[in-house]
Amino acid sequence: MEATGVVTRLGSSLRLSRADSVQVAVIGALLLFALFAMPALLNLYWIDTFTTTWIYAITALGLGLLVGRVGMISLGQVAVLALGAWVGAKLCFATTLPYPIVLLASGVITMVMGTLIGLPALRVSGLYLALVTLMLAGAINIVLTVINFPNGGTGFLGYNDNYTGTIRRPSIATSDPAFFRYTLVVTVVMFALVLWHLRSKPGRAWAAIRQSEPAALTAGVNVTLYKMWAFALASFVTGVAGALLGSGSGKLYNYSFPTYESIELFAVVLMGGIYTLWGSMLAGLLIWALPALFTIWGINAEVPVILFGIGVLQVLTLAPAGIAHQFPRDMAKLGRLLFGLFRRLA
C-alpha cells in the first residue's frame, strides 16, 4: 500500500497541467515546422538569416539569464560571443575533434575566460556593473582586433593574410539547410539547459538574489557563488553560440563584433522579455531577422535601431515584462472586445 501511494504521488507530480500540455504541444509543433518545413520553404538568404537568428537567440538567452533572473546588468555579451567564436575557430582549424566536442570545448573555455574576466565585476551592481562590463567588452574587442581571428594560418594564433581557409562545419551538416537544422537543435539543447537550471536550486537562489541580496544572504544563499554560477552559465551558452556563428559564416572579421552591438542586444532582450525564455527567441528575431526584412524592403537596415529605442521606452513605461508577456494579454483583451462587439451587433 505504501509503495502504491508513493507511485501515485509520483505520477501526480509528473502529470502536466492543461496549460503546460498546451505549451508543450505548441513548442513541439513549432519545432517540427522549423526543422522540416522552413528549410524547404525558404531560400538560402533566409536560411542563413534564421541560422544566425538562432545563434543570437542563444546569446540573448545568456544575457536574459543575467538580467532577468539574477538582476545583473551586463553590456558585454557580444564580446563574450566574439571570444566563443575565436575559440571555436581555433579548435576547428588546429584540431580534428568531432564537432560536438568543439562546441562543448568552446563553451567550457569561454565560460572559464568569461568568468575570470568578469570576476571583478561581481563586486559591483547596477549602473556600475553595466559600465564595468561595457569597458571589458571594449577591451576584448581591442585585443581581438590586434591578434585577429584564426583563419587556418600557422602559428599559435593561426592567422595568415594570404590564407583562404574556412571554418569547418559538422560532417552531418555541411550544407546550409542541414546546418540550419543542426543550429536549431543545439539552440533547443541550450534552452533546455538553462530551463533545467531555472527549475532547480540555482533558479531559486537567483530569484532570491534578484529580489534582495541582503534577504538572500539572511536566508543562507551564497550570493557570490550563485552570481558566478550565473555568469559561468551565460558565458557557456554564449561560447557555444560563438562557435556556431564562426562555422555558419565560414570566416570571422573584427568588425563583426562592434561594442555597440552589446547595447543593441540589451535593448532587444528588454523588448522581448527578460522573465521568460520566449523573450530570448524574440530578441534573436528582432536583432537579426528584422534588419534582414528591412533590407528586402529596400529600407536602411539601421532603421530598427531607432525602433529599438522606442521599444525600450515602451517597455520601461508600460510593459516591463516585454513583448512575450504583454502581447498575449493584449491579444486576449482585443479578442474579448471584438467578441463583445459581435454579441451586441448580433
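Quick notes on this structure:
- Residues satisfying the stated conditions in segment 277-295, i.e. without any contact (Cβ under 8 Å) to a residue 60 or more places away in the chain and surrounded by fewer than 24 Cβ atoms within 10 Å (Cβ to Cβ): 278, 282, 290, 291, 293, 294, 295
- Scanning segment 41-53 for residues that are without any contact (Cβ under 8 Å) to a residue 40 or more places away in the chain and either part of a helix (DSSP H, G or I) or in contact with a Phe, Trp or Tyr (Cβ under 9 Å, 6 or more places away or on another chain) (or both) gives 41, 42.
- Filter result (more than 24 Å from residue 27 (Cβ to Cβ) and assigned to a loop (DSSP other than H, G, I, E, B)) within segment 173-200: 174, 175
- Some residue of segment 88-107 being under 14 Å from residue 265 (Cα atoms) and either touching a Leu at 6+ places or on another chain (Cβ under 8 Å) or modelled with pLDDT of 90 or more (or both): no
- Failed item in (1) closer than 21 Å to residue 261 by Cα; (2) part of a helix (DSSP H, G or I), with residue 149 passing the rest: (2)
- Residue 172 vs. criteria modelled with pLDDT of 85 or more and closer than 19 Å to residue 95 by Cα: yes
- When segment 297-329 is limited to residues that are surrounded by 13 or more Cβ atoms within 10 Å (Cβ to Cβ), of a type outside the set (A, V, I, L, M) and at pLDDT 85 or above, the one that is farthest from residue 61 (Cα to Cα) turns out to be 304.
- Residues satisfying the stated conditions in segment 290-337, i.e. among the polar types (S, T, N, Q), under 27 Å from residue 48 (Cα atoms) and assigned to a helix (DSSP H, G or I): 295
- Candidate set from segment 137-169 (those that are crowded, with 18+ Cβ neighbours inside 10 Å and aliphatic (A, V, I, L, M)); member that is modelled with the highest pLDDT: 167
- Test: residue in segment 69-90 that is hydrophobic (A, V, I, L, M, F, W, C), over 30 Å from residue 224 (Cα atoms) and in contact with a helix residue (DSSP H, G or I) (Cβ under 9 Å, 6 or more places away or on another chain): yes
- Residues of segment 54-106 that turn out to be buried (at least 24 other Cβ atoms within 10 Å of the Cβ), polar (S, T, N, Q) and part of a loop (DSSP other than H, G, I, E, B), as a count: 1
The values are calculated or read from the model by the stated rules, or taken from the named source; none is laboratory data. Since the structure is predicted, the reported quantities are computational estimates derived from the model, not experimental observations. Heads up, the Cβs are rebuilt from the backbone with ideal geometry, glycines too, and the neighbour counts pull from every protein chain shown.
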